[in-house]
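Contents: one structure, followed by commentary.
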Amino acid sequence: MTQDQKPITWEELPEYFSTVAADVLSFCEPAEGVWVDLGSGSGGVGLALAERSESIVILADPDSDALAAAREAARRRGLTDRVRAIVGRAESLPLLDASVDLVVSRGSFFFWEDKAKGLREVYRILRPAGVAMIGGGVGSGYPDWAREEFVRLRVGGVKRQGEEALARFREARSPETFKRLASEAGLPNLRLELELLGIWLIFRKDAP
């Protein structure tokens, strides 16, 4: 950005739901079936996945107003036959053991009250050979210029809260923190995918 250019605002950045969904499909190669967008908010990533598959997609979030907006967005996009919405938190999901093929959570992980417990819940609801992708980022296909502006805006907002807030922000998104939490949860077969201002914990449930 040159000195004469007006700073980019959040509203001017392209959406990242489609690029995140593309990475989920590429990194996880999930089986078609039942997929969960955990901490879905208004359904951005979950609806993008529904448009790219034949799976049933469950949007799970503690905010009923956000889920109402997600249901309306699903209706507008012709997805109501394959999209469900449930109120629930990561630490206590109202889903049966071994009932889903994919769990994705973009951005909500950093706000879970008990992250290790939430990861164990995700593992519990996965079917054998099911896969989860938990973390945050804008997707490897996000335009470079937009990624740079996203980083500037995100980090700038945290910096305004002070150095302590910035240190917490960076520590929460470090590979060491993700590995520690995965170890506390007892997760096997895990790997980390790293991108600028993004980190994903990916794990697959053992098949019998």
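The values are calculated or read from the model by the stated rules, or taken from the named source; none is laboratory data. Quick caveat: nothing in here was measured; it's all calculated off a predicted structure. Note that each Cβ is placed from the backbone with ideal geometry, even for glycine, and that neighbours are counted across all protein chains shown.
A quick yes/no check of all residues on (1) in a loop (DSSP other than H, G, I, E, B); (2) among the β-branched types (Val, Ile, Thr):
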residue	(1), (2)
LYS6	yes, no
GLY46	no, no
ILE58	no, yes
LEU79	yes, no
ILE86	no, yes
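Rundown of residues vs (1) touching a Cys at 6+ places or on another chain (Cβ under 7 Å); (2) surrounded by fewer than 19 Cβ atoms within 10 Å (Cβ to Cβ); (3) over 20 Å from LEU25 (Cβ atoms); (4) at pLDDT below 95, yes/no style:
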site: VAL100; (1), (2), (3), (4): no, no, no, no
site: ARG106; (1), (2), (3), (4): no, no, no, no
site: ASP114; (1), (2), (3), (4): no, yes, yes, no
site: LEU119; (1), (2), (3), (4): no, no, yes, no
site: ARG124; (1), (2), (3), (4): no, yes, yes, no
site: ARG127; (1), (2), (3), (4): no, yes, no, no
site: VAL131; (1), (2), (3), (4): yes, no, no, no
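Of the residues making up the stretch 143-181, those that are basic (Lys, Arg) and outside any loop (DSSP other than H, G, I, E, B) are ARG147, ARG152, ARG154, LYS159, ARG168, ARG170, LYS179, ARG180. Could you list all residues from the stretch 1-60 that are at pLDDT below 95 and among the basic types (Lys, Arg)? Passing the criteria: only LYS6. GLU184 falls short on exactly one of the conditions (1) out of contact with any Ser or Thr (no Cβ under 8 Å at 6 or more places or on another chain); (2) in a helix (DSSP H, G or I); (3) without any contact (Cβ under 8 Å) to a residue 60 or more places away in the chain, and that condition is (3). Sort out which residues of the stretch 187-208 are in a loop (DSSP other than H, G, I, E, B) and either touching a helix residue (DSSP H, G or I) at 6+ places or on another chain (Cβ under 7 Å) or surrounded by 13 or more Cβ atoms within 10 Å (Cβ to Cβ) (or both), and write them in order of number. Of everything in the stretch 187-208, those that are in a loop (DSSP other than H, G, I, E, B) and either touching a helix residue (DSSP H, G or I) at 6+ places or on another chain (Cβ under 7 Å) or surrounded by 13 or more Cβ atoms within 10 Å (Cβ to Cβ) (or both) turn out to be LEU187, LEU196, LEU197, LYS205.
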